[in-house]
Amino acid sequence: MRHVAIVGASLAGVHAAEALRERGFEGEITLVDREASLPYDKPPLSKNALLDDGVDAELPLRPRAWYDEHQIGLRLGQGVVGLDTAARTLHLNGGDAVGYDGLVLATGSAARPLPVPCGDPSRIHRLRTLEDARRLRADLLPGRHLVVVGGGFIGLEVAATARRLGLDVTVVETAATLLNRAFGPQVGGWIRQVHERNGVEIRCAVALQEISSHGDGFTLRFAEGPTLSADVVVGGVGAVPQTDWLEGSGVDLGNGVRCASDLSTNVPSVVAAGDIAYWHNALFSEDMRVEHWTNAVEQGRHAAGTLLGDREAHQSVPYFWTDQHDAKVRFVGRADAADDLVIEEPKPDALVALYGRNGVLRGAVCVRTPRRLAEYREAIRNRTPWEEVAGHFAGGRSTSTREPGSGPAVQEV
């Protein structure tokens, strides 16, 4: 293999390039991305990058000299519009072509568009890129009213940051609670209280029908209840994998790029990593796609090894964190489809919850308890029996409050 091309100057893409060099690959590496900026870190976009424009200079993942030192060619500001797997060629939007012997797909995800009429959609903010953050930062002026559509991680982080900047903030969410899919109603309800204590208005279980723009503001209309006026609107209803450019290439698509357990695709010498990789994680006996920082790092490095001939399966315990005002929420594992849930008596500034499924520990959320999070991550990796973990957690006491058909059993401790 003489030339590896990496599509997506993302966290996964940069770590794939780094891992190739660390593993002794001496051939050519080309990193291609539609953005013109040096590859940068994205978690600060919803936090410090909105507070201080000076943070922009601190965001690059590596200085430009690093790419020179590692002989990694950069084709920035040049999006890929097509892939010819037979000819092993990438087609760029400027008409250029890049050949390859090995290919890493790491194009990440894009903001999901709001599913309602939006008047002038260009005036509604999303937050996936550095340029998005710069545009939003200019509109977050003290005294303005910000409405965040969607109670997911990015939307709630923007809400918390906007409160620090002195804006009035309202979050509207179609589900009955915040972060319901990620954590379930009990933990989601606790996070709602964190936001309300910090002055964020939360409207859950509302059906948004239309956003109209007029003058310098917006009006949001719902199926029921009063309208809502806003100076600034941010859409935060999730993300979709950026795989449009792969249509017709022969790469197997479905909820991203379908991968084997080692992150290889159905096309020889093509691997995928990060937000777009949909692979079988044997630790959970589940096919999954994970859109978080740590996963991008781990998969980028693993995909590089697969490209060089290592066929070890990628097995990981997903980990992510989110800052909600003064609460740093850390999570490991998976919370969806849990059979059991045990929550330590929550405090205003601290929380620990465990999720079980099929008799083993499946996930854990911890606020202000980082040491315990590390213990639970190892327990999940070791497939520790649920009763062993929950019994120790509850001090030997557990009472189920589940009724038939009501979802996970909740143990009060």
Would you please list the contacts, defined by Cβ atoms under 6 Å and residues six or more apart or on different chains, that run from a residue in segment 55-72 that is of a type outside the set (Lys, Arg) and modelled with pLDDT of 95 or more to a residue that is surrounded by 12 or more Cβ atoms within 10 Å (Cβ to Cβ) and in a helix (DSSP H, G or I)? 61/14; 70/21; 72/17
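Restricting to segment 1-23, name every residue that is outside any strand (DSSP E or B), of a type in the set (A, V, I, L, M), surrounded by 24 or more Cβ atoms within 10 Å (Cβ to Cβ) and touching a strand residue (DSSP E or B) at 6+ places or on another chain (Cβ under 7 Å). Outline the logic, then answer.
Our first condition is that a residue be outside any strand (DSSP E or B); within segment 1-23, this holds for 1-2, 8-23.
Checking which are of a type in the set (A, V, I, L, M) leaves us with 1, 9, 11-12, 14, 16-17, 19-20.
Checking the rest, the ones that are also surrounded by 24 or more Cβ atoms within 10 Å (Cβ to Cβ) come to 9, 11-12, 14, 16-17, 20.
Matches in segment 1-23: 9, 16, 17, 20.
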Name, by its number, the condition in (1) within 14 Å of the chain's Cα centre (by Cα); (2) of a type in the set (Phe, Trp, Tyr); (3) not assigned by TED's automatic domain parsing to the domain that holds residue 369 that does not hold for residue 331. (3)
Would you confirm, using the coordinates I've provided, whether residue 73 is at positive phi, in contact with a Leu (Cβ under 9 Å, 6 or more places away or on another chain), outside any helix (DSSP H, G or I) and in the same structural domain as residue 295 (by TED's automatic domain parsing)? no
So in segment 117-128, with the set limited to residues that are modelled with pLDDT of 95 or more and of a type in the set (A, V, I, L, M, F, W, C), which one is farthest from residue 258 (Cα to Cα)? 124
Segment 79-130 - residue that is of a type in the set (S, T, N, Q) and outside any strand (DSSP E or B) and, of those, surrounded by the most Cβ atoms within 10 Å (Cβ to Cβ): 107
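Please state which one of 148, 200, 172 is aliphatic (A, V, I, L, M) and closer than 27 Å to residue 10 by Cβ.
Of the residues listed, the single one that is aliphatic (A, V, I, L, M) and closer than 27 Å to residue 10 by Cβ is 148.
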Using the structure shown, decide if residue 54 is farther than 14 Å from residue 129 by Cα and out of contact with any Lys or Arg (no Cβ under 9 Å at 6 or more places or on another chain). yes
Please enumerate the residues belonging to segment 343-368 that are farther than 12 Å from residue 183 by Cα, among the β-branched types (Val, Ile, Thr) and in contact (Cβ under 8 Å) with a residue 40 or more places away in the chain. 367
Filter segment 347-363 for residues that are in contact with a Leu (Cβ under 8 Å, 6 or more places away or on another chain) and under 14 Å from residue 283 (Cβ atoms) and give the result. 361, 363
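Would you confirm whether any residue within segment 256-279 is in a loop (DSSP other than H, G, I, E, B), within 14 Å of the chain's Cα centre (by Cα) and among the aliphatic types (A, V, I, L, M)?
As a first pass, look at segment 256-279 and keep what is in a loop (DSSP other than H, G, I, E, B): 256, 259-263, 265-269, 273.
Then drop every residue that is not within 14 Å of the chain's Cα centre (by Cα), which leaves 256, 273.
Filter once more, so that each one left must be among the aliphatic types (A, V, I, L, M): 273.
Yes: segment 256-279 contains one or more residues that are in a loop (DSSP other than H, G, I, E, B), within 14 Å of the chain's Cα centre (by Cα) and among the aliphatic types (A, V, I, L, M).
Looking at residue 174, is it farther than 30 Å from residue 268 by Cα, of a type in the set (Ser, Thr, Tyr), surrounded by fewer than 23 Cβ atoms within 10 Å (Cβ to Cβ) and under 22 Å from the mean Cα position of the chain (by Cα)?
Details: farther than 30 Å from residue 268 by Cα: yes; of a type in the set (Ser, Thr, Tyr): yes; surrounded by fewer than 23 Cβ atoms within 10 Å (Cβ to Cβ): yes; under 22 Å from the mean Cα position of the chain (by Cα): yes.
When the stated conditions are applied, residue 174 passes them.
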Positions within segment 30-75 being basic (Lys, Arg) and over 19 Å from residue 160 (Cβ atoms), in sequence order: 34, 62, 64, 75
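Yes or no, residue by residue, for (1) of a type outside the set (A, V, I, L, M, F, W, C); (2) modelled with pLDDT under 95; (3) surrounded by fewer than 23 Cβ atoms within 10 Å (Cβ to Cβ); (4) assigned to a strand (DSSP E or B):
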residue	(1), (2), (3), (4)
148	no, no, no, yes
202	no, no, yes, yes
213	yes, yes, yes, yes
221	yes, no, yes, yes
When segment 198-224 is checked residue by residue, the ones that are without any contact (Cβ under 8 Å) to a residue 40 or more places away in the chain, farther than 20 Å from residue 161 by Cα and of a type in the set (D, E, K, R) are 216, 221, 224
So residue 263 clears everything in (1) among the hydrophobic types (A, V, I, L, M, F, W, C); (2) exposed (fewer than 15 other Cβ atoms within 10 Å of the Cβ); (3) touching a His at 6+ places or on another chain (Cβ under 6 Å) except one condition, right? Which one? (2)
Quick one: what pairs do we get from segment 225-251, first residue more than 30 Å from residue 270 (Cα to Cα) and without any contact (Cβ under 8 Å) to a residue 12 or more places away in the chain, second of a type in the set (D, E, K, R) and surrounded by fewer than 23 Cβ atoms within 10 Å (Cβ to Cβ), C-beta under 8 Å, 6+ apart or different chains? 227/221
Could you tell me whether residue 328 is over 30 Å from residue 103 (Cβ atoms), out of contact with any Leu (no Cβ under 7 Å at 6 or more places or on another chain) and without any contact (Cβ under 8 Å) to a residue 12 or more places away in the chain? no
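Go through segment 294-376 and tell me which strands (runs of 3 or more DSSP E), entirely inside it, have 1 or more residues that are aliphatic (A, V, I, L, M) and touching a Phe, Trp or Tyr at 6+ places or on another chain (Cβ under 8 Å). Give the steps one after another, and end with the answer.
On the way: elements: 319-324, 327-333, 340-343, 351-357, 360-367.
Strands (runs of 3 or more DSSP E) meeting the threshold: 327-333, 340-343, 351-357, 360-367.
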When segment 220-255 is examined, which residues are found to be within 22 Å of residue 154 (Cα to Cα), among the hydrophobic types (A, V, I, L, M, F, W, C) and under 22 Å from the mean Cα position of the chain (by Cα)? 233, 234, 237, 239, 240
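The values are calculated or read from the model by the stated rules, or taken from the named source; none is laboratory data. If you're wondering where the values come from, they're calculated on a predicted model, not measured in any experiment. For neighbour counting, all protein chains shown are included, and Cβ atoms are generated from backbone atoms with ideal geometry for every residue, glycine included.
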